[in-house]
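Read-outs: derived from the displayed coordinates by stated rules, not from any lab. What you are looking at is a predicted structure, and each value in this text was computed from that prediction instead of being measured. Please note: Cβ atoms are built from the backbone with ideal geometry, for glycine as well, and neighbour counts cover all protein chains shown.
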Number of protein chains: 2
Amino acid sequence: MLSLIFVKMFLPLLLNLVMSFGAYYFTLRIIPRLKDMFLKANLFGIDLNKQTKDKVPEALGVVTGSIFLVTLFLFIPLPFSHSLFTNNDFPHDELVKLMAALLSICCMLLLGFADDVLDLRWRHKLLLPTVASLPLLMVYYVTYNATTIIVPKPMRAWLGFSLNLGPLYYIYMGMLAVFCTNAINILAGVNGLEVGQSVVIASSIALFNIIELSGALWQAHVFSLYFLFPYIATSLGLLKYNWYPSRVFVGDTFCYFSGMTFAVVGILGHFSKTMLLFFIPQVFNFIYSVPQLFHLVPCPRHRMPRLNLATNKLEPSVTLFKQSDLKKPMLFALRFLGKLGLVRWRDTVTPHPDSCGRGDPDDRMVECNNLTLINLVLILFGPMNEAKLTTVLITIQVICSLLAFAIRYPLASLFYDVPGMQSK
Amino acid sequence: MLSLIFVKMFLPLLLNLVMSFGAYYFTLRIIPRLKDMFLKANLFGIDLNKQTKDKVPEALGVVTGSIFLVTLFLFIPLPFSHSLFTNNDFPHDELVKLMAALLSICCMLLLGFADDVLDLRWRHKLLLPTVASLPLLMVYYVTYNATTIIVPKPMRAWLGFSLNLGPLYYIYMGMLAVFCTNAINILAGVNGLEVGQSVVIASSIALFNIIELSGALWQAHVFSLYFLFPYIATSLGLLKYNWYPSRVFVGDTFCYFSGMTFAVVGILGHFSKTMLLFFIPQVFNFIYSVPQLFHLVPCPRHRMPRLNLATNKLEPSVTLFKQSDLKKPMLFALRFLGKLGLVRWRDTVTPHPDSCGRGDPDDRMVECNNLTLINLVLILFGPMNEAKLTTVLITIQVICSLLAFAIRYPLASLFYDVPGMQSK
């Protein structure tokens, strides 16, 4: 019995880990060789926060994504070796989960790369992850179809002990894929941040999975680790070249690929709510960005910090607009946040040319920092150079992960009866 | 019972057909809208056989491939509706086949598009389809694992009635994916040919599937049709814009995508040998091309016919080299083919500059047509304009399909006991 668990659980995980090391070294070797291919294909960006204006190869996420896929393609038979060589009933339901997961990730990688090459429109960015997650939802339906959640203690008086969300749960899971892909995509703009935060999130989920290996649902957590080890390995390889000063950019491809990988393990590992706990900085950044994302506050094309050439430090970037462009409640909210120090807001920078100096307050030009977590960090801690900024942001991500573990384990008992089982 | 077969077989097929019509019209509408996106992304080619040198958007296969994938993603639940709403045992083995098939196709679409954008090397073109077919082979192993073939009557004296090929059969299937993707890719170079031949092949396989629906293995043939209807629909949409004069090019993406779709239905539909019968022109073109593909005869970058500007007709393109560059057996073989009229071969076009008119026969420059079926057609039927050339080539494809049906049905009884069952 013990040897069967070893063959079914630890051996495949161990082999997966070995293959992930291989994938890491392969990533390190192949990226420098492929750089010219990307430049020749006109896939490059100019790093706006550097003094030099060199062409930096873009969308290298497609390389790590492909290595990830190939690693998992080669890995597929291993967890089934026991069933393959004995004549037991083959666990088709396990294999179908693996296939659907890879299909959704592969589809997202294709769409991400298409986006980097073709520059798709915003509505595609919301629609495509939804479509790509369809196979996932289908497999969730036929393998689990568990749409009942346990209601937290304080709300049980109103809602009862458990609540069957039914189709709403599927809508939630579909939106999870959209959220994960875009949340990473909008917390970006300084060297190494996309990959850095993704590695922290992936490592946090992996740690959570390892803790849960001793639980009753260990199979779901082993499944998640199959994906996370190669993901972390290939991303670390990419990080080496994407860290300040970036020699390659990762592209939307990487954000799409990462977001879908997280959605896949969260949904099929059946811990999608816990997983969202590891996205605290992304959720904060999303909420903070809402006024600009929905164009309640004017949103320039790039919201990344700007380089002060004299000090070589990054400063918050700003958006400049007429005060009368804002709706009253938005104006009030921003001024309030300004008082709290969460927004840098400057009135009457220059009188608006139309106002001829009459000083009509509604015609005043105002300046407000672009509403991103990155700019907020620069407001709170002052200008700093790019490498330090990325380090601070990744440290915040790590602290939030610790907070997530604190919420998930000790605090969960306040809301649920038995911590570690029902709140998934 | 009859109503169950209707629900399980005809209803999904009918819905698939309806969705394929939708995919066709969507393809027609979306391609013109996306053309500029491709031009802006530097994804274009110049049509060498036109008087004008306009930029033609390239790699539009990624669009039809994506529409194909989305159609099938939406279709996935339908064949399972019976099991989804009753509480029967869910057929995970059926779903896993569908997922693996889509995974291989999606992976190939990604690699094809990466090839069009990044211009991958030749060794990748052979390696990548092999990797992409791994999920397919895994699923074949766990669902069929039938590696025994029935030996044709004339060879039974030596080999026995049946032969278990074991791992060799998997190598054969892996190579099938490589062959299908590349065979279409090298029979290309005139407007509409890649898509045209693919539509004829797909329609032939579909017809074969429909004939076999009355047989014992109908489920495998229904499975194949699920893929072929949307494939034919999206490809016909693409053909409208790719036909002479091409307003879009399809790119390697399309050839990879098509080849993998054929390999998928052949392998999982369990009729891979019959399927190869529909590739007669491609097999001929491949064998005819071997001397140039393996560089036994010098091979220029493009082997497509060249336009005679005066007549506006295409003529066979040629390769020019020193007679001494060829190995003796190759020289003999080409001269022999020349006598048969299958190669246009010209000696001593001009004396080689080094030979100073001494006329050493080994230093003579010789001229030989590029060894493709397209050039051979021009040699046999004389120069013609591009639209007519494509029509002739597609007619040849149709005639070969009729020949394939003749081999598969009436003639099969000469080689096998019961036609229509064992020779798959």
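For this structure, a couple of remarks:
- Straight-distance candidates among the aspartates and glutamates for linking to B:Lys322, with alpha-carbon spacing under 19 Å and chain neighbours fewer than 8 residues away dropped: B:Asp347, B:Asp354, B:Asp360, B:Asp362, B:Asp363, B:Glu367.
- A dipole drawn for the protein assembly as shown from +1 and -1 charges on Cβ atoms has a positive end, and of B:Cys107, A:Val117, A:Ile396 the residue lying farthest that way is A:Val117.
- Anisotropy class of the stretch A:25-140 from Cα gyration tensor, a/c 1.5 cut: oblate
- Point-to-point label distance, A:Ala406-B:Phe294, nm (Cα→Cβ direction, 7 Å offset): 7.0 nm
- On the beta carbon distance between A:Lys40 and A:Met155, with R0 = 60 Å, the FRET formula returns roughly 0.55.
- Point-charge dipole on Cβ atoms (K/R +1, D/E -1) for chain B, about Cα centre, debye to 20: 620 debye
- Per residue of peptide A:124-131, the mean number of Cβ atoms on other chains within 10 Å of the residue Cβ is 1.
- Evaluating kT/(6 pi eta Rh) at 10 °C and 1.306 mPa s, with the Kirkwood radius of chain A over Cα pairs in the Stokes-Einstein relation, gives 68 µm² s⁻¹.
- Along the stretch B:270-285 the Karplus relation, 6.51 cos²θ - 1.76 cosθ + 1.60 evaluated at θ = phi - 60°, assigns HN-Hα couplings of 6, 9, 5, 6, 4, 4, 4, 4, 7, 10, 3, x, 5, 5, 4, 4 Hz to successive residues, with x for each Gly and Pro.
- Computed on the Cα trace of the stretch B:38-105, the radius of gyration divided by the Kirkwood hydrodynamic radius gives Rg/Rh = 1.31.
- Inter-copy label distances at B:Lys53, shortest first and taken from points set 7 Å along Cα to Cβ: 2.9 nm.
- Each Lys and Arg contributes +1 and each Asp and Glu -1, all at the Cβ; summed about the Cα centre of the protein assembly as shown, the dipole is approximately 820 debye.
- Considering only A:Leu72, A:Trp243, A:Trp218, the residue lying farthest towards the positive end of the dipole of chain A is A:Trp243, judged by Cα position with unit charges set on Cβ.
- Bridging of A:Lys328 to lysines at a Cα separation below 29 Å is possible for A:Lys339, once same-chain residues fewer than 8 apart are set aside.
- The alpha-carbon of B:Lys388 sits under 19 angstrom from the alpha-carbons of these aspartates and glutamates, leaving out residues fewer than 8 places away in its chain: B:Asp47, B:Glu194, B:Glu315.
- Chain B: angle of helix B:167-186 to the longest principal axis, Cα-based, in degrees nearest 10: 50 degrees
- The calculated 222 nm mean residue ellipticity attributable to helices in chain B amounts to -19500 deg cm²/dmol, summing -39500 (n - 2.57) over DSSP H runs of n ≥ 4 and dividing by all residues.
- Shielding value for B:106-119 is 6, the average number of Cβ atoms from other chains within 10 Å of each residue's Cβ.
- Between identical copies, the spacing of B:Thr130 label points, each set 7 Å from Cα toward the C-beta atom, reads 4.2 nm from nearest to farthest.
- Diffusion constant of the stretch B:116-207 at 10 °C, which comes from Stokes-Einstein with the Kirkwood Cα-pair radius and 1.306 mPa s, µm²/s: 99 µm²/s
- Each copy carries A:Ala216; placing its label point 7 Å along the C-beta direction from Cα gives inter-copy distances of 4.6 nm, listed from smallest up.
- Highest-fluctuation residue, A:Ala387, A:Ala157, A:Ala412 considered, GNM on chain A with Cα pairs under 10 Å: A:Ala157
- Subset of B:Lys50/B:Lys313; A:Lys97/B:Lys97; A:Lys35/B:Lys35; A:Lys8/A:Lys240; A:Lys35/B:Lys125 violating a 22 Å alpha-carbon distance limit: A:Lys35/B:Lys35; A:Lys8/A:Lys240
- The fraction of Cα-Cα pairs per 20 angstrom bin, counted from 0 for the protein assembly as shown, comes to 13, 41, 32, 12, 2, 0 percent, rounded to whole percents.
- Computed from phi, the 3J(HN,Hα) profile of the stretch A:24-39 under the Karplus parametrisation 6.51, -1.76, 1.60 (θ = phi - 60°) reads 4, 5, 5, 4, 4, 6, 7, 4, x, 6, 8, 4, 5, 4, 6, 5 Hz, with x in place of Gly and Pro.
- Inter-chain neighbour count for B:135-141: the average number of beta-carbon atoms from partner chains within 10 Å of each residue's beta-carbon is 4.
- Note on B:Leu126 and A:Arg33: their simple-model spin labels are 1.6 nm apart, each label 7 Å out from Cα toward Cβ.
- Normalised convex hull volume, the stretch B:254-334, alpha-carbon set, Å³ per residue: 153 Å³
- Considering only A:Leu103, A:Leu11, A:Leu159, the mean-square fluctuation computed in a Gaussian network model of chain A, springs between alpha carbons under 10 angstrom, is largest for A:Leu159.
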